[in-house]
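The values are calculated or read from the model by the stated rules, or taken from the named source; none is laboratory data. Quick caveat: nothing in here was measured; it's all calculated off a predicted structure. Every residue, glycine among them, receives a Cβ derived from its backbone with ideal geometry; neighbour counts consider all protein chains shown. To get the accessible areas, we keep the full protein, side chains included, count just its heavy atoms, and leave off ligands, DNA and RNA. Shrake-Rupley method; radii C 1.70, N 1.55, O 1.52, S 1.80 Å.
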Amino acid sequence: MLKASELRLTFNPGTPIETQALRGMSLEIPTGQFVTVIGSNGAGKSTFLNAVSGEQRVDSGKIEIDGIDMTRQPVWGRARHVARVFQDPLAGTCEDLTIEENMALAKMRGERRGFSFAVKPALREEFRAQLSTLGLGLENRLSDRIGLLSGGQRQAVSLLMAALQPSRLLLLDEHTAALDPRTAAFVLELTVRIVAEHKLTTMMVTHSMRQALDVGQRTVMLHQGRVVLDVSGKEREGLDVHHLLDMFEKVRGEKIDDDALLLG
Amino acid sequence: MSLYTLLGALEIGLIFSLVALGVYISFRLLRFPDLTVDGSFPLGGAVAATMIAAGHDPFTATIAATLAGAVAGLLTGWLNVSLKIMDLLASILMMIALYSINLRIMGKPNVPLITEPTVFNLLQPEALADYVFRPLLLVLVVLAVKLALDAYFSTQSGLAIRATGSNARMARAQGVNTGMAILAGMALSNALVGLAGALFAQTQGGADISMGVGTIVIGLAAVIVGESLLPSRKLYLATIAVILGAIVYRFFIALALNSDFIGLQAQDLNLVTAVLVTVALVVPRLRAHWSGKKGA
Ligand SMILES: Nc1ncnc2c1ncn2[C@@H]1O[C@H](COP(=O)(O)OP(=O)(O)OP(=O)(O)O)[C@@H](O)[C@H]1O
Ligand SMILES: [Mg+2]
């Protein structure tokens, strides 16, 4: 379970380019829930995910995962609990390492790394079996440098890597955005399968309203560093893309009014 | 070239292949431009020569020199990781600090080893001449280091260091403490350089405060020459390439200095190095250019 309470984060405070990226952002995700996150550019989605993963320190607020306070933990300290797939396919893998070395790295996510060989025969078989489920022929290319793979292939491997080791939270930040439509659909399908298979608590940022509603059990909308919409269950089932777009426009309008009031 | 100069070149080439392996770890695996080596090479020499001159066992002295190198690398890493000083600058600071430290250790600008025992003359069998035995022993040492490095960098811990250099953000997301990985890699790199310095002092008749000048350039030259001789991203091939690079480089230098018709002298060494590195940098690009044309 993720519990983020009252997160605040300001970039470049006290300068003309000051940006309040998170303004009292709170969100609770029960164990096993798959949440999709939407919001306009600059709403604070990536900042929120970065705060949860530890890449950005919050100015105030509290981040707990399964009751453990993570607020002050560095990225590598949280990695035991948090798995990630980045938007940029190049970011989630080490291009200089082979496919199996990348997977071996992920297999030990958050654990002590000792002096035994990273890729052992038994592990190699496990990786081969995992890769063959992708149907991309990668099971025969274990010792190829991962830099030789296409973006879609790398993203698919990244997803497998995220699930090699149990995690309490999976973070996906527009992880299909850099892919062509067919590959994106494939990676999304794979995501749904892996999340279901491992019953992962998941937060997925997307710009596609369709995706946001089709996938997962709950959808939240961020605006100006806060949750402005949170739908699940029956209410969500009744929603359509244009409903969502309407709400999108509405909250945006309201928020602008809010600010106008404040400024006035 | 006589057999004697040939073996001499091989000997120095092998010693510098340890430097080159160290430079490969910092520059290539960690992507940390580390100039500490100009200080940790003479540091190794200073520690070994001073200890041997004071009557310590040469093996103990060599190990101590290696550890001293590791500490120097650790400090450079610490300046960068904990004090957030830019990598190149951190290593320059360490390099100049080591100049004073090395003088302190030696107590004078040079410590000769003429009659003292060394790891070489202690192990040398009666039947072999010293100039034959030294390169022979060094081949074994370098081979052992190479195999140990290949093995280490395919362990979980070694993989974490390579991942840190290749994609630190990803490494952290996988739970790698990248700060510690940098410290470990820098310590390992400079330990090898310290070892090289200790062996150099024991083959060249002592340590000298200026023995470190240009070490980094020679190390880099070896890495670059090696990579153009044997381009490969596979680690066990890359380490061979780097070792070959160091030896080939040394042969070229010996050749250039020994060919009367070119008329080069010892003081032209740095110029020869610069030309060699330039050629080694340009050749792969020309090769790519030509093969590109063929393909078109
Ligand atoms: N490192 C940074 N330094 C300064 N400002 C930043 C930084 N990262 C984000 N911001 C600002 O914080 C705000 C929130 O950005 P964030 O990236 O979280 O938005 P987002 O919801 O992910 O948007 P998008 O849909 O475009 O990815 C933006 O105004 C952005 O310009
Ligand atoms: Mg974003």
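Given the condition under 13 Å from the mean Cα position of the chain (by Cα), under 30 Å from residue A:147 (Cβ atoms), part of a helix (DSSP H, G or I) and within 14 Å of chain A (Cβ to nearest Cβ), answer yes or no: does some residue in region B:181-189 qualify? Checked against the condition, which is being under 13 Å from the mean Cα position of the chain (by Cα), under 30 Å from residue A:147 (Cβ atoms), part of a helix (DSSP H, G or I) and within 14 Å of chain A (Cβ to nearest Cβ), region B:181-189 yields at least one hit. Take the residues in region A:79-104 that are more than 8 Å from every other protein chain (Cβ to nearest Cβ) and charged (D, E, K, R); name whichever of them is surrounded by the most Cβ atoms within 10 Å (Cβ to Cβ). Within region A:79-104, the match that is surrounded by the most Cβ atoms within 10 Å (Cβ to Cβ) is A:100. Scanning region A:58-78 for residues that are open to solvent by 10 Å² or more (accessible area, probe 1.4 Å) and within 22 Å of residue B:160 (Cβ to Cβ), we see that the one that is farthest from the other protein chains (Cβ to nearest Cβ) is A:73. Only one of the listed residues (B:168, B:127) is more than 14 Å from chain A (Cβ to nearest Cβ) and either small (Gly, Ala, Ser) or open to solvent by 60 Å² or more (accessible area, probe 1.4 Å) (or both). That residue is B:127. Counting only residues that are more than 16 Å from ligand 1 (Cβ to nearest atom) and either within 16 Å of residue A:90 (Cβ to Cβ) or surrounded by fewer than 22 Cβ atoms within 10 Å (Cβ to Cβ) (or both), region A:165-178 holds 3 of them.
For region B:62-84, give me each residue that is among the aliphatic types (A, V, I, L, M) and open to solvent by 40 Å² or more (accessible area, probe 1.4 Å). Hits for region B:62-84 are B:63, B:67, B:71, B:74, B:75, B:83.
For residue B:49, are the conditions met, namely being small (Gly, Ala, Ser) and either in a strand (DSSP E or B) or touching a residue at least 60 places away in the same chain (Cβ under 8 Å) (or both)? When the stated conditions are applied, residue B:49 passes them. Looking across region B:36-58, just one residue is open to solvent by 20 Å² or more (accessible area, probe 1.4 Å) and touching a Leu at 6+ places or on another chain (Cβ under 7 Å), and that is B:53. Inside region B:204-219, can you point out the residues that are surrounded by fewer than 21 Cβ atoms within 10 Å (Cβ to Cβ) and either farther than 16 Å from residue B:47 by Cβ or in contact with a His (Cβ under 8 Å, 6 or more places away or on another chain) (or both)? Result: B:205, B:210, B:213, B:214, B:217. Against the conditions (1) open to solvent by less than 40 Å² (accessible area, probe 1.4 Å); (2) in contact (Cβ under 8 Å) with a residue 40 or more places away in the chain; (3) more than 17 Å from the chain's Cα centre (by Cα), residue A:145 satisfies every one except (1).
Would you check if residue B:18 is of a type outside the set (Lys, Arg), surrounded by fewer than 24 Cβ atoms within 10 Å (Cβ to Cβ) and in a helix (DSSP H, G or I)? No, not satisfied.
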